[in-house]
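The values are calculated or read from the model by the stated rules, or taken from the named source; none is laboratory data. Please read these numbers as outputs of a predicted model, since none were measured by experiment. All Cβ positions, glycine included, derive from the backbone under ideal geometry; neighbour counts span all protein chains shown.
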Amino acid sequence: MTAVRRRTRSERRSILLTALAVVVAALFILPALWLLSGSLRPSNEIFGTLSPVTWRTLVPSEVSLGNYLALLSGPFGRSILISFAVCFLTVAIGLVVSALAAYALSVLRFRGRGAVFAFVVISFMVPFEAIAIPLSQLFSGWGLTNTLLGLVLPGIGNGLAIFNLRQHFLSIPTSYREAATVDGAAEPRVLWSVYLPLGGAALANSALLIFLGQWSAYLWPLLVVSDSSLQVAPVALARTFGEYTFDFGQNFAGAIVLSVVPALMMFVLQRFFGGLEIASGEK
Amino acid sequence: MSRSSSAVSAAPSGAQRRLGASPAPRRQLRRRKELFWAVVFLAPALVAIGSLRIAPTISAVVSSLYSGFPGGVRPPVFSGFDNYLDLWGNEAFRETVLRTVVFNVIINPLQVAIALLVAVLMTRRIAAPGLWRTLVFIPAVVPIVGSSIVWSIALRPDGPVNAIITALGGRPQPFLTSPDQALASIMLIASWIGIGYWMIFLISGLRAIPSEYYEAAKLDRAGPIRTFFQITIPLLKRPLLFVLVADTVANFVLFVPIQMLTNGGPQNSTTMQMFNAYRTTYTYSSKNLGAAEVVILTIIMLVFVALQFRLLRDDDRAAKGTS
């Protein structure tokens, strides 16, 4: 009798908490849904349904990809390509830099290794934005203003990527390396053919970290690129927003494009490698 | 770890000693080789740190000690701490610093507290927790440029937020166009993005707490509130500290919504240090003064982070001392 009553009580509590979770989730998702629906309908319809709020505010009367087509055929389309180029170049160079450093800091033994590791990780943890302004002045002195390389370089050093890869390399049994060295393999060979093939998820994770950092970059491209034909997508979108404030539809479509790419990236990498630990800052 | 591997590597050299080869030079050769490769492998990362992190830091400090002439035709001259004294004497700058500090004192604990409450809710026994969790996280995937656009339209005087307020019987609010509400609106935008993101870290921290603690609390007939304060919070201290520090760093350099939506206004009410340093350097092209502002921003941010470490660490020790 009491057991039954207790169960119904805990069930009632579970229903209440679920209802609360639904309300909280709705608060967060509704603006995003509004963004999505706005990207699929003409701007004047967004305007017309701003106020008062009805179900029409969220549900378009007809779905069209017009905003996306108009957006991608304009300067934003070019900027998206530049963003991709910057991100892939940064991931490629960044992975090489991080893997080399992580190998040296986990497998090779030399005096002061711990101190070098601490130095590397800490120096990359200082927020980049704080030094972006002085760095952009150095870059203009080095002739890197308005170049692809200028956009790429600040993203190649990622302390978290080095940290992740090092943790993973430490978990690979040293006997593998011993075996390879006995066979006469030099260190670059060991890294390339023993450690990297075993790096799967950790490499994907580091690639994702580097990619996400570059994809959403705004301040740095603003500082180092003035030529609008070389501008990355977030800055290009902000510019269209400033110039054509009334074309909400295209602005919304741009925001959706910028959001879908990293989401897809996470999804694909998760599918292939599983167990991505974006939230593993604590480990 | 390294001890066991050195035992492995010692074995062949021990065998060679029996065969008559001299072991010491061989080991030395090997060690020298490892050092050589360590230098080669670390070089790209160290060059990156040197040129992309240390050089700009030094150049900011040095540049802040010079006084330049707007336009930059004449070279800047050394002026010691003049830039800092000028800033100290400038009321608008003092207000900017104060505004940045107030903004951070409010937004960081608030975001972390809400993220914690949501994380606790999402780890309770509820239907389809994964779905609600994903929905709360989605705003963190929208790039901040996109979120700024959405909210600037949502918060327009004739926008949907005001429509909802009116429907509920309230009066429409000016939000971003009012000096009294603009900063709070920026906080709202930053929190819409941040809370779901930090929630993910806190959920994985909550999951790491062994369930025995909660069972023991249940046996002690501790209510949910007591359990929360005496078990959840103390055992979540490390993830909480991490999230608080990371959030603080992110909010001290918050830039995009301010540059895009308010340009520091209205009436400077959203001008914070990061945006101010950008404006001084680029809009007013006073590079040296801008460098001094960057240095001050960095120092204040580091002080904040150090204080947070101190606070949570000391708490930790005190808790251990009493138990």
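Here's the yes/no breakdown for (1) hydroxyl-bearing (Ser, Thr, Tyr); (2) buried (at least 22 other Cβ atoms within 10 Å of the Cβ); (3) under 30 Å from A:Leu135 (Cβ atoms); (4) in the same structural domain as A:Val261 (by TED's automatic domain parsing):
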{"site": "A:Ala161", "(1), (2), (3), (4)": "no, yes, yes, yes"}
{"site": "A:Ala180", "(1), (2), (3), (4)": "no, no, no, yes"}
{"site": "A:Gly184", "(1), (2), (3), (4)": "no, no, no, yes"}
{"site": "A:Leu196", "(1), (2), (3), (4)": "no, no, no, yes"}
{"site": "A:Leu222", "(1), (2), (3), (4)": "no, yes, yes, yes"}
{"site": "A:Ser226", "(1), (2), (3), (4)": "yes, no, yes, yes"}
{"site": "A:Val232", "(1), (2), (3), (4)": "no, yes, yes, yes"}
Q: Residues that are under 24 Å from B:Val118 (Cα atoms): find the helices (runs of 4 or more DSSP H) completely inside the stretch B:214-305 holding 2 or more of those.
A: B:224-227, B:237-252
Q: Could you pull out the residue among B:Leu311, B:Leu289 that is surrounded by fewer than 22 Cβ atoms within 10 Å (Cβ to Cβ), more than 10 Å from chain A (Cβ to nearest Cβ) and either at pLDDT 90 or above or farther than 26 Å from B:Ile54 by Cβ (or both)?
A: B:Leu311
Q) Taking the stretch B:131-157 as the region of interest, how many residues are more than 9 Å from chain A (Cβ to nearest Cβ) and among the basic types (Lys, Arg)? A) 0
**Q.** Neighbours by Cβ (under 7 Å, 6+ apart or cross-chain): first from the stretch B:118-130, within 7 Å of chain A (Cβ to nearest Cβ); second in a helix (DSSP H, G or I) and among the basic types (Lys, Arg)
**A.** B:Met122/B:Arg133
Q: Return yes when B:Thr270 is buried (at least 19 other Cβ atoms within 10 Å of the Cβ), away from chain A (no Cβ under 12 Å), closer than 22 Å to B:Tyr197 by Cα and out of contact with any His (no Cβ under 9 Å at 6 or more places or on another chain) and no when it is not.
A: no
**Q.** Of all residues in the stretch A:227-283 being among the basic types (Lys, Arg) and modelled with pLDDT under 80, the one that is farthest from B:Lys237 (Cα to Cα)
**A.** A:Arg271
(Q) Go through (1) closer than 29 Å to B:Ile195 by Cα; (2) hydrophobic (A, V, I, L, M, F, W, C); (3) out of contact with any Leu (no Cβ under 8 Å at 6 or more places or on another chain) for A:Ala118 and report which single condition fails. (A) (1)
Q: Could you tell me whether A:Ser73 is closer than 30 Å to B:Ala115 by Cα and among the small types (Gly, Ala, Ser)?
A: no
Q: Need at least 2 residues that are free of Cβ contacts under 8 Å to residues at least 40 places away in the same chain and at the interface with chain B (Cβ under 9 Å from one of its Cβ atoms) per element, so show me which helices (runs of 4 or more DSSP H) inside the stretch A:82-172 make the cut, counting only ones lying wholly within it.
A: A:113-125, A:128-141
Q) Among the residues of the stretch A:26-47, which ones are outside any loop (DSSP other than H, G, I, E, B), over 22 Å from B:Ile138 (Cα atoms) and away from every other protein chain (no Cβ under 11 Å)? A) A:Asn44, A:Glu45
Q) If you check B:Phe103, B:Phe93, which single one turns out to be in a helix (DSSP H, G or I), assigned by TED's automatic domain parsing to the domain that holds B:Glu293 and farther than 30 Å from B:Gly196 by Cβ? A) B:Phe93
Q. Restricting attention to the stretch B:242-252, does a residue exist that is of a type in the set (S, T, N, Q) and closer than 17 Å to B:Leu155 by Cα?
A. no
Q: Could you tell me which of the residues B:Leu254, B:Leu235, B:Leu240, B:Leu244 is touching a helix residue (DSSP H, G or I) at 6+ places or on another chain (Cβ under 8 Å), surrounded by fewer than 19 Cβ atoms within 10 Å (Cβ to Cβ) and within 27 Å of B:Phe201 (Cα to Cα)?
A: B:Leu235
Q.
Only one of B:Ile149, B:Ile138 is hydrophobic (A, V, I, L, M, F, W, C), surrounded by 23 or more Cβ atoms within 10 Å (Cβ to Cβ) and in the same structural domain as B:Gln308 (by TED's automatic domain parsing). Can you tell me which?
A. B:Ile149
Q) Counting only residues that are in a helix (DSSP H, G or I) and touching a Lys or Arg at 6+ places or on another chain (Cβ under 7 Å), which one in the stretch B:21-71 is modelled with the highest pLDDT? A) B:Ser63
Q) Quick one: would you say A:Val23 is part of a helix (DSSP H, G or I), more than 9 Å from chain B (Cβ to nearest Cβ) and over 17 Å from A:Leu258 (Cα atoms)? A) yes
